[in-house]
Amino acid sequence: MQTPVRHTLPEGGAAGALRRTATSHLGLRVPDVAAAAEFYERVLGLVRHSALPDGGARLGWGSGHHVLDLLAGEQGLDHIAFEVRDHDGLAALEKRLRENGYEVGELDESYLDEVAGDATGLVTRDPDGNVVHLHPAVRRAGEHAADTGRRPIKYQHVTLATTDVARMAAFYVDVVGFRISDQLADGRFAWLRSDRDHHTLAVVNTGRSGDIDHYSYDLAEWEDFKAWCDRLTEQDVPVAWGPGRHGPGNNLFVFFDDPAGNHIELSAEMEKFHDDRVTYVPRRWDPVPASVNLWGGQLATWRRTSEGN
């Protein structure tokens, strides 16, 4: 029997430079903006903040910074965004990007609802060509202010689809300044952190690039999962995967799809890292179903692991 290949993704360069950076907003292209917007309003409790050009819609929690841009087009990723709250984090990040040969532009202020200060932001592209927005602290009055049985408390993380996990991880770790929390031992999945949450970004080898694999909203606790599974049933939204518990991150999860086919995760009890107090070594999980789903190892129809399927 052939011995499985094991990889260790390295951390170098600027790894750990960002410790107060979180997901900010997400832009998705969808074939039917009206149908997608109605879904997010009805099912997830998002509120329309404004109209966007060419029939697009901006949604959020009703106050503070927005969460989601829906743009007309073939299903796909338009942009991802991170809020850099680290002191002097944006200036240092811009310097690292330019020194490593990445083009950097100024983020259009139309993407920022309420900036805490007069700074703008940066826009660049990662090695897969995904558009990445990076901006300073914004006001988030709408988060953590709702019945969590009917609306998530925040947008939590995004997982990018790629054909080269090592290259993407090197960019987000060595250049941008994230750290690796966990990886699958075959090198096909990595979970990256930029604040105390186990991951604000993940990258997974799906055989395609330039798109998202899924993205996630945060719930408060286990009791919300029962309410949400009932809620999805009441709204005629099929549960695609879960409820379950991931090994990496130790978080509870349940998945469903929006009308465009984007995979949405609801998550809770995410593992916390305290890098200012403890030194962590990235962990390598066996690439088997029971690692990504501790509760029996059942997988979603779109998910595969290199061993044990």
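A few notes on this one:
- Selection of the range 238-256 for residues being β-branched (V, I, T) and closer than 12 Å to S216 by Cβ yields only V254.
- Considering the conditions (1) buried (at least 17 other Cβ atoms within 10 Å of the Cβ); (2) at pLDDT 95 or above; (3) in a loop (DSSP other than H, G, I, E, B), S306 is excluded by exactly one of them, (2).
- Residues satisfying the stated conditions in the range 170-191, i.e. part of a loop (DSSP other than H, G, I, E, B), within 23 Å of Y102 (Cα to Cα) and among the small types (G, A, S): G177
- Residues within the range 11-42 that are touching a residue at least 60 places away in the same chain (Cβ under 8 Å), more than 17 Å from the chain's Cα centre (by Cα) and either surrounded by fewer than 20 Cβ atoms within 10 Å (Cβ to Cβ) or assigned to a loop (DSSP other than H, G, I, E, B) (or both), tallied: 11
- Filtered residues of the range 273-296 (kept if in contact (Cβ under 8 Å) with a residue 40 or more places away in the chain and either part of a loop (DSSP other than H, G, I, E, B) or over 23 Å from H7 (Cβ atoms) (or both)): F273, H274, D275, D276, Y280, P282, D286, P287, N293, L294, W295, G296
- Subset of the range 45-67 (residues that are surrounded by fewer than 21 Cβ atoms within 10 Å (Cβ to Cβ) and of a type outside the set (V, I, T)): G45, R48, S50, A51, L52, P53, D54, G55, G56, G62, S63, G64
- Reported count of residues in the range 123-161, each being β-branched (V, I, T) and in contact with a Lys or Arg (Cβ under 8 Å, 6 or more places away or on another chain), is 2.
- Residues satisfying the stated conditions in the range 61-111, i.e. hydroxyl-bearing (S, T, Y) and more than 30 Å from P259 (Cα to Cα): Y102
- Conditions (1) without any contact (Cβ under 8 Å) to a residue 60 or more places away in the chain; (2) farther than 21 Å from W191 by Cβ: number failed by D258: (1)
- Here the strands (runs of 3 or more DSSP E) wholly within the range 110-169 that include at least 3 residues being of a type in the set (V, I, T) and modelled with pLDDT of 95 or more are 154-162.
The values are calculated or read from the model by the stated rules, or taken from the named source; none is laboratory data. Fair warning: this is a prediction, and the values are worked out from it, not measured in the lab. Note that we place each Cβ from the backbone using ideal geometry, even for glycine, and neighbour counts take in every protein chain shown.
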